[in-house]
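Each remark here refers to the structure printed beneath this line.
The values are calculated or read from the model by the stated rules, or taken from the named source; none is laboratory data. Computed from a predicted model, the values in this text were never measured in an experiment. A quick note on method: Cβ atoms are made from the backbone with ideal geometry, for glycine too, and the neighbour counts reach across all protein chains shown. Surface accessibility is based on the protein's heavy atoms, side chains included, excluding ligands, DNA and RNA. Shrake-Rupley method; radii C 1.70, N 1.55, O 1.52, S 1.80 Å.
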Amino acid sequence: MIEPVALQDFFITFFSAALIILAGASYPLLFAWSKVNPNWRIKVTAYLSYFVLILSVAELTYAAQFHGYWLTISFVMVTGYFFAPIGIWYLCVKTHTDDLSTTTKDSL
């Protein structure tokens, strides 16, 4: 069973969890924006946001005293946050490219 978070770690836990939400939302948005509007600064900002996500997950893991399989869950979550936007982007591009080619063939 997980031990409750100590009172002195409560604010660190709260703010690192909030930072996980913000960084976890900004990384895929900035990644998609860098694909729509090719600009290396946007892509660097997306990866910087992912780096902030890694740091905040590490801090939450330390502050909440995660041990055992919780460390594995944290690692899988951070890995999924990196690869999911990339996979979703390529899936969307492939889906919409196939729709355009099918529509063009049907109209001819």
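Which residue out of Phe10, Phe31, Phe15, Phe83 is open to solvent by 80 Å² or more (accessible area, probe 1.4 Å) and either within 14 Å of the chain's Cα centre (by Cα) or at positive phi (or both)? Break it down into steps so the answer makes sense when it comes.
Details: Phe10 fails: either within 14 Å of the chain's Cα centre (by Cα) or at positive phi (or both); Phe31 fails: open to solvent by 80 Å² or more (accessible area, probe 1.4 Å); Phe15 fails: either within 14 Å of the chain's Cα centre (by Cα) or at positive phi (or both).
The conditions single out Phe83.
Quick check on my filter: what residues within region 5-56 are closer than 18 Å to Phe83 by Cα, of a type in the set (Val, Ile, Thr) and either touching a strand residue (DSSP E or B) at 6+ places or on another chain (Cβ under 9 Å) or in contact (Cβ under 8 Å) with a residue 24 or more places away in the chain (or both)?
Ile20, Val52, Ile54
Looking at Ser74, Ser49, Ser101, which is the one that is farther than 29 Å from Phe11 by Cα, assigned to a helix (DSSP H, G or I) and either over 20 Å from the mean Cα position of the chain (by Cα) or at pLDDT 90 or above (or both)?
That would be Ser101, the only listed residue that is farther than 29 Å from Phe11 by Cα, assigned to a helix (DSSP H, G or I) and either over 20 Å from the mean Cα position of the chain (by Cα) or at pLDDT 90 or above (or both).
Considering only region 59-68, I want to know if a residue exists there that is surrounded by 10 or more Cβ atoms within 10 Å (Cβ to Cβ), modelled with pLDDT of 90 or more and charged (D, E, K, R).
Yes, because at least one residue in region 59-68 is surrounded by 10 or more Cβ atoms within 10 Å (Cβ to Cβ), modelled with pLDDT of 90 or more and charged (D, E, K, R).
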